[in-house]
Amino acid sequence: MYQHWIKGHLDPWWTTEHRDLPFTNEPFNNSEDLDRWKGMGYTHTKYTGDMYDMRNAEPKWFDMDRIKHYFDFEHLSWSFYRMSTGVVLPEHIDTFNRFKELYDCKDKTIVRALIMLEDWRPGHYLDLAGLNLNTWSAGDYVVWEEHVSHTAANIGKQDRYTLQLTGLIDQRLIDWEWQHN
């Protein structure tokens, strides 16, 4: 059965330098989801983690050429992401609004890759298409197609760090997985 997402692992070449990036926070950009969550009883005001993305200089210590080689996406964009304690991002489907504004996405599949920069810690949570994907190791990743729902949260004691990649592929992930694993 075709799941619209895949997972894998790459060997980390980074340590903890990502913790020192000058992260900033931006509000969640889908008002319909925010209204739905509030109607479900979510009352907090911060639904997103903090980002350091490609609008900034690429960190010199991170080998983005290696990432681009491994994740052969057209129009690859990146964002380092810090999810602090207490951030809960309820179930949603990414809109990719900014990405769609920048690139022609017709006849292509938008994909999101999430690379775990550190080992899983208690209270770190990721659910993809209804499947709990906790207890990861640094370098583990998941890639999903644009219409896949997911949830993330940090109810633990330490920040959760990831690298988010967005791009386009010509075929579906089932074909991409066969070519890249």
Residues in region 85-107 that are surrounded by 13 or more Cβ atoms within 10 Å (Cβ to Cβ) and either more than 22 Å from Lys46 (Cα to Cα) or of a type in the set (Phe, Trp, Tyr) (or both) total 4
Within region 129-138, is even one residue touching a strand residue (DSSP E or B) at 6+ places or on another chain (Cβ under 6 Å) and part of a strand (DSSP E or B)?
no
The lone condition His75 fails out of (1) surrounded by fewer than 15 Cβ atoms within 10 Å (Cβ to Cβ); (2) at pLDDT below 90; (3) touching a helix residue (DSSP H, G or I) at 6+ places or on another chain (Cβ under 9 Å) is (2)
Among Ile110, Ile174, the single one that is farther than 19 Å from Tyr47 by Cα and either out of contact with any strand residue (DSSP E or B) (no Cβ under 9 Å at 6 or more places or on another chain) or modelled with pLDDT under 90 (or both) is Ile174
Considering region 110-140, residues that are free of Cβ contacts under 8 Å to residues at least 24 places away in the same chain and on the phi < 0 side of the Ramachandran plot, and then whichever is surrounded by the fewest Cβ atoms within 10 Å (Cβ to Cβ), we arrive at Asn132
So, first residue loosely packed, with under 15 Cβ neighbours inside 10 Å and of a type in the set (Ser, Thr, Tyr) in region 148-176, second residue at pLDDT below 95 and not in a strand (DSSP E or B), Cβ within less than 8 Å, six or more apart or across chains; the pairs are Ser149/Ile93; Ser149/Ala129; Ser149/Gly130
- Residue check, Tyr141 under 21 Å from Phe28 (Cα atoms), among the aromatic types (Phe, Trp, Tyr) and outside any helix (DSSP H, G or I): no
Exactly one of Thr95, Thr85 is polar (S, T, N, Q) and within 20 Å of Trp5 (Cβ to Cβ), and that one is Thr95
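The values are calculated or read from the model by the stated rules, or taken from the named source; none is laboratory data. Fair warning: this is a prediction, and the values are worked out from it, not measured in the lab. With ideal geometry, Cβ positions are generated from the backbone for all residues, glycine too; neighbour counts draw on all protein chains shown.
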